[in-house]
Structures are given as C-alpha cells and as structure tokens.
Amino acid sequence: VLRLPRGPEGCSRGFSPTSPRFQALLGGDAVTTAAAQGARAALRQRYLRGLAAARGRPTRFCLRAGVRVDAVFGAADVDAVAFQVDALQTPLGVQAAALLRCADVLAYSFLL
C-alpha cells in the first residue's frame with residue numbers, strides 16, 4: 001500500500017496545483033507550466049505524425065556500436081519501447097520481420 005503525504009489543507013492527499021509549494025517544485029508559475037505542456041504536446045504530435053509517415057518506407061537505423069541496418073518501417077508501440085520492421089538487412093543476413101528496441105536505436109531516417 002502506497003500512502004501519499006497529506007496535502008497543505010490537512011484532509012486531502014497530494015497538493016493543490018496553485019499552492020506555492022507545488023509551483024516551487026515545478027520551477028515556474030502556472031502560465032509557464034501550461035506553455036511547456038503545450039510545447040510538449042505539439043512535439044509529441046509531430047513525432048507521431050512522423051512515425052505514421054514512415055510506415056512502409058525503407059528506413060536506415062543507426063544502432064549502438066556503430067551498426068547501421070536497413071529495413072522497411074512497420075510500426076512503433078505506444079510506449080516507444082520497440083520498432084517493428086520488415087526485411088531487416090543486417091551484417092549477418094536478412095530477417096523477414098524483427099523488433100528493434102528503442103534503447104538500442106540512436107537515430108533513424110527515411111525519405112519522404
């Protein structure tokens with residue numbers, strides 16, 4: 001059982017977003033926080049549109065240790081943990097389908 005600390009009013013759990021303590025934890029005021037959240041939402045939307053545009057296109061992945069592989073981009077999972085690719089061309093041969101862990105991918109590119 002996880003117990004959260006008592007809020008500033010004593011009867012609730014957590015803290016009010018308008019309280020000075022909450023604002024100090026965020027490092028800014030509510031207007032700055034809303035602007036940062038809007039920027040993150042816009043960047044997330046652009047990233048997801050990029051993934052949708054990559055579907056079915058030849059893609060080059062740069063992996064750790066300088067390994068570069070080519071594949072046909074399939075999809076990415078919701079949590080951005082893995083990319084699903086088809087026709088993965090590795091130095092050891094071609095795999096019909098594979099999952100690439102996002103933690104191993106340094107960069108990827110595809111032509112529009």
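Things worth noting here:
- Pairs meeting the criteria (first residue in the stretch 43-62 and on the phi > 0 side of the Ramachandran plot, second residue exposed (fewer than 12 other Cβ atoms within 10 Å of the Cβ) and at pLDDT below 90, beta carbons under 8 Å, at least 6 apart or on different chains) are lacking.
- Residue in the stretch 46-65 that is over 30 Å from V94 (Cβ atoms), at pLDDT 85 or above and not in a loop (DSSP other than H, G, I, E, B) present: yes
- Residues located in the stretch 69-79, provided they are within 14 Å of P91 (Cβ to Cβ) and in contact with a Lys or Arg (Cβ under 6 Å, 6 or more places away or on another chain): D70
- Each residue in the stretch 80-107 was checked for being closer than 13 Å to L51 by Cβ and under 14 Å from the mean Cα position of the chain (by Cα), and 5 pass.
- Residues of the stretch 50-65 satisfying the condition of being within 13 Å of L111 (Cα to Cα) and of a type outside the set (A, V, I, L, M, F, W, C): G50, R55, G56, R57, P58, T59, R60
- Scanning the stretch 53-91 for residues that are out of contact with any Asp or Glu (no Cβ under 8 Å at 6 or more places or on another chain) and open to solvent by 70 Å² or more (accessible area, probe 1.4 Å) yields R55, R57, A65, R68, V78, D79, V81, P91.
The values are calculated or read from the model by the stated rules, or taken from the named source; none is laboratory data. A quick note: this is a predicted structure, and the numbers were derived from the prediction, not measured. In this analysis, Cβ positions are derived from the backbone assuming ideal geometry, glycine residues included, and neighbour counts consider all displayed protein chains. These area figures cover heavy atoms from the full protein model, side chains too; ligands, DNA and RNA do not enter into them. Shrake-Rupley method; radii C 1.70, N 1.55, O 1.52, S 1.80 Å.
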